[in-house]
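**Student:** Take this structure, written in structure tokens, and hold onto it; I'll ask about it next.
The values are calculated or read from the model by the stated rules, or taken from the named source; none is laboratory data. A quick note: this is a predicted structure, and the numbers were derived from the prediction, not measured. Please note: Cβ atoms are built from the backbone with ideal geometry, for glycine as well, and neighbour counts cover all protein chains shown. These area figures cover heavy atoms from the full protein model, side chains too; ligands, DNA and RNA do not enter into them. Shrake-Rupley method; radii C 1.70, N 1.55, O 1.52, S 1.80 Å.
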Amino acid sequence: PAPPTLAPGPSGLTPVFKHGPRTRQRIVALTFDADMTADEGPRARAGEHFDNPQLISTLRSLKVPATIFMTGSWAEQYPAEAKAMGSDPLFEIGNHSYSHYAFTGDCYGLPRVRPGQMRAEVERTAAALRKAGVEHTVPYFRFPGGCYDSAALRALAPTGVTAVQWDVVSGDAFAKDADAVTRQVLEGVHPGSVVVMHCTRSAAPTTERVVRAVVPVLREQGYRFVRVSDLIGAARKARPHAGA
């Protein structure tokens, strides 16, 4: 079956999903951004690691499903890894733009996408994922930096994606204290939560350790790990009129 999406927002804007139903059903989605900006290719070719194979291996060994939001430039730099992740039924791959440039102004210092290029950022990434052989793609888009406005939502509406945000900020980006990130995740998770993390060694070196610490604790608390598509499906069941 096709992955569930949300109905368009007001005036046909791209819908935005932040978390699943706050019910007694303890489900949580771990999401990982595979970030790489369009101008970081030379750094990658020089040896900087924008991937994190150990993290993916840990998710597999712990049998934790996850949604990975991948930039087109990342898929082009690591096509074999992208294909392997996208062929694993444990994971689903979402769209994170091609360049990882911001869709609004003043977004963590990221360069800004020209308004007329926003839709192309999504479409170019979809093409890069197909070229890499990624199978389990979902029609979900994560804005770089999580920054968006009505103009960005309007620009992406023709693509039919659901924008996926989060309600738990792990704080793993550029963090060096894995214990602090672990505490932040555990304190933030509620039923239906979407946790944002990263799978880039250079920018998030503690993430694999955090996952190893967080997963058993949440499981002891009765949580079950699911993909974003499962959370959206649960949201649609809870509010059928929100589904599309």
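**Student:** Going through the stretch 58-102 one residue at a time, which ones are at positive phi and buried (at least 24 other Cβ atoms within 10 Å of the Cβ)?
**Tutor:** Ser97, His100
**Student:** Please specify each residue of the stretch 69-118 satisfying the condition of being polar (S, T, N, Q) and without any contact (Cβ under 8 Å) to a residue 12 or more places away in the chain.
**Tutor:** Gln117
**Student:** To continue, here is another question. Filter the stretch 103-126 for residues that are outside any helix (DSSP H, G or I) and either open to solvent by 80 Å² or more (accessible area, probe 1.4 Å) or among the small types (Gly, Ala, Ser) (or both) and give the result.
**Tutor:** Within the stretch 103-126, Gly105, Asp106, Tyr108, Gly109, Arg112, Arg114 qualify.
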